[in-house]
1. Could you run through the range 31-48 and say how many residues are among the hydroxyl-bearing types (Ser, Thr, Tyr) and open to solvent by 60 Å² or more (accessible area, probe 1.4 Å)?
2. Only residues that are open to solvent by less than 30 Å² (accessible area, probe 1.4 Å), of a type in the set (A, V, I, L, M, F, W, C) and touching a residue at least 40 places away in the same chain (Cβ under 8 Å): list them for the range 49-83, please.
3. Out of the residues in the range 124-142 that are without any contact (Cβ under 8 Å) to a residue 24 or more places away in the chain and within 20 Å of VAL104 (Cβ to Cβ), which is surrounded by the most Cβ atoms within 10 Å (Cβ to Cβ)?
4. Criterion first (of a type outside the set (Phe, Trp, Tyr), open to solvent by 80 Å² or more (accessible area, probe 1.4 Å) and more than 12 Å from the chain's Cα centre (by Cα)) does VAL165 satisfy it?
5. Exactly one of (1) aliphatic (A, V, I, L, M); (2) farther than 20 Å from VAL67 by Cα; (3) assigned to a helix (DSSP H, G or I) is unmet by LEU150. Its number?
6. Could you give every pair whose Cβ atoms fall below 8 Å, whose first residue belongs to the range 92-110 and is part of a loop (DSSP other than H, G, I, E, B) and of a type outside the set (Val, Ile, Thr), and whose second residue is at pLDDT 95 or above and open to solvent by 70 Å² or more (accessible area, probe 1.4 Å), counting only separations of at least 6 or pairs across chains?
7. Go through (1) surrounded by 16 or more Cβ atoms within 10 Å (Cβ to Cβ); (2) modelled with pLDDT of 95 or more; (3) within 30 Å of ALA122 (Cα to Cα); (4) of a type in the set (A, V, I, L, M, F, W, C) and name the single condition LEU28 misses.
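The values are calculated or read from the model by the stated rules, or taken from the named source; none is laboratory data. Treat the numbers as computed from the prediction; the structure is a model and nothing was measured. Neighbour counts run over all protein chains shown; Cβ positions are idealised from the backbone, glycine included. Surface accessibility is based on the protein's heavy atoms, side chains included, excluding ligands, DNA and RNA. Shrake-Rupley method; radii C 1.70, N 1.55, O 1.52, S 1.80 Å.
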Amino acid sequence: MERSGPVSSACDRHWRGSARLAVSCALLFCAMALLVDWDAGSFTSLRALLWLTVSATVGAVLLPPRVSAGPGWLAVRTPWRRRVVRTDALTSVRQYDGVSSHLVLRDVHGHCLELDPRVLAANPLIWHALDTGACHSIERGTLRHGAELLDRLGHRIDDETVQAVLRASGFSH
């Protein structure tokens, strides 16, 4: 099993399913493109190579970033790069809304990463690692922007968790 941090790290527990879906979509796209090309009578080895390349690109674009966290750090890995911030040395946390809401975290070392807040809501261990590190940043005085944002996000995640527990136990509709 590959790990992106020390043994005590937490990883996005839904990443494998999302990655499987991305690869499945890319494979389906490739099969359909090759079949249409074959049926049209324009199939050549060069066109097959083109469709394989386009399908690999589609898979890479659809592949979700892999998020992991541990004591004092948070990492986001894409097919092209890995970004890590020190959560115990954050300087700012900003949220950008739009088509896709995302958080931007910066640390005192100049490192920056973008993260979908839904990953935090779906992964309590990653949220806990970020929250614990942010508390250390607040205590040290490095976190100057975004403490209230993390507080609101924490309340929202806690509310969603309570609602999920109540639904699972049959106490809520």
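1. So the answer is 2.
2. VAL67, ALA69, TRP73, LEU74, ALA75
3. Selected residue: ASP131.
4. yes
5. So LEU150 meets the others, but not (2).
6. Between residues of the range 92-110 that are part of a loop (DSSP other than H, G, I, E, B) and of a type outside the set (Val, Ile, Thr) and residues that are at pLDDT 95 or above and open to solvent by 70 Å² or more (accessible area, probe 1.4 Å), the close pairs are HIS109/ARG86.
7. Result: LEU28 fails condition (1) only.
Residues checked against (1) closer than 28 Å to VAL61 by Cα; (2) at pLDDT below 95:
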position: VAL84; (1), (2): yes, no
position: ASP97; (1), (2): yes, yes
position: ASP116; (1), (2): yes, yes
position: PRO124; (1), (2): yes, yes
position: GLY133; (1), (2): no, no
position: ALA147; (1), (2): no, yes
